[in-house]
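Here is the structure we will look at, set down as structure tokens.
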């Protein structure tokens, strides 16, 4: 794609999202974007690599696509339906979705969030090959490794994790975050959440990942909460799910931040005694969050980032290309661009 767009690769921070099947990877990416852009199905729905380029200066998401024959297309107002069409057709080789991922601030580099195929699809081994190829293309960046909370201890990704461990040793500028998704499906009365985190930590250590950073999340809950905050319309199913998620997560007793395993924070179950009463580090951090001070620190950090006046790489095109024809309910999209033409088209 970079052959068609004026993108300075030195200003792009690759963030590879990898996972086993049914981990909720697409939902997690949609939650980061705050909008349902990638198709989310129960089956293995990601057939090719797609990416989201974070551009803090652009609120509306757009789609850049290149066909297998080298044709370039720009689609304004990216939708989940259109991304799914691109994903399902063999005419498209690569797509980049560009827009503002509001929870992430670009500084010296713009995040390129790369969605990769599942690494353990027994029906299509090419998915793992694609992910492996993408991993080898970069010498620095971040890996977001998504794990299904319901499948802890039943991994079939041992070989891939060992390759990642070797990659991290070879490329010290690469880092990794393990995200345990679908935590909302766990009943803490039957299965202690700290036990899940401990088992995951031990498994990663056994595979050569030292001091892994582990963050438990509920992507589905986060996505619905963000949609409501943004004023987006919910489906009937969304409304039903939202009511359950809000009831659960408004309660401080089910705060997933209490179970983050961060080597820099140390053991969150460590206790401190004040006037004869013991407090866990997790509980103290939760209380600290409610003081408003972490929000102040975040605002200062955002101001410092903004002061750098660094924007995401400018996306444009540098040669005449014919658009890709894609059937839609209201017809099809076809666009023609001339060199140095910087206009946007619907």
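Bear in mind that the values in this text are calculations on the coordinates, not laboratory data. Owing to the predicted nature of the structure, the values given are computational and were not obtained by experimental measurement. A quick note on method: Cβ atoms are made from the backbone with ideal geometry, for glycine too, and the neighbour counts reach across all protein chains shown.
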In nm, what is the difference between 0.36 nm times the number of residues separating residue 190 and residue 202 and their Cα-Cα distance?
2.3 nm
Based on the alpha-carbon gyration tensor of segment 140-180 and its eigenvalue square roots a ≥ b ≥ c, which shape applies: rounded if a/c is under 1.5, prolate if not and a/b is larger than b/c, or oblate?
oblate
Among 69, 23, rank each residue by its count of other Cβ atoms within 10 Å, from fewest to most, as a rough exposure measure.
69, 23
Kindly provide log₁₀ I(q)/I(0) values, in the same order as q = 0.12, 0.16, 0.26 Å⁻¹, from the Debye equation applied to equal alpha-carbon scatterers of segment 164-221.
-0.35, -0.57, -1.06
How big is segment 1-113 by the Kirkwood estimate over distinct Cα pairs, in Å?
14.5
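As an exercise, take the mean of 1/r over every pair of distinct alpha carbons in segment 184-256, invert it, and state the Kirkwood radius in angstroms. It would help to have the intermediate numbers written out before the result.
On the way: mean 1/r = 0.0701 Å⁻¹.
By the Kirkwood definition, the hydrodynamic radius is 14.3 Å.
Starting from the Cα gyration tensor of segment 188-227, take the square roots of the eigenvalues, sort them a ≥ b ≥ c, and report rounded, prolate or oblate (rounded when a/c is under 1.5, otherwise prolate if a/b is larger than b/c, else oblate).
Values: a/c = 4.32, a/b = 1.65, b/c = 2.62.
Here segment 188-227 falls in the oblate category.
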Largest first and rounded to whole Å, the semi-axes √(5λ) derived from the alpha carbon gyration tensor of segment 54-107 read 23, 11, 9
Per the rule of 0.36 nm per residue minus the C-alpha distance, extending residue 177 to residue 300 adds in nm 41.8 nm
Highest mean packing first, using Cβ neighbours within 10 angstrom, the peptides 200-211, 217-228 sort as 217-228, 200-211
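For a protection proxy built on the mean count of beta-carbon atoms within 10 angstrom, sort 107-114, 299-306, 7-14, 237-244 highest first, please.
Top of the packing list down: 107-114, 7-14, 237-244, 299-306.
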Scaled by the rule-of-thumb 2.2 N^0.38 Å, the alpha carbon Rg for segment 128-260 gives a ratio of 1.21
Using only Cα positions of segment 220-286, each an equal point scatterer, no hydration layer, compute I(q)/I(0) via Debye at q = 0.21, 0.22, 0.24 Å⁻¹ and quote the log10 values to two decimals.
-0.86, -0.90, -0.98
For residue 286 and residue 265, calculate 0.36 nm times their separation in residues minus their Cα-Cα distance, and state this gained length in nm to one decimal.
6.2 nm
Rounded to one decimal in nm, the spacing of the 7 Å Cα→Cβ label points at residue 257 and residue 150 is 2.8
Show me 256-266, 82-92, 288-298, 26-36 ranked by packing, highest mean number of other Cβ atoms within 10 Å first.
26-36, 82-92, 256-266, 288-298
Give me the distance in nm between label points sitting 7 Å out from Cα along the Cα-to-Cβ direction at residue 69 and residue 139, one decimal.
3.8
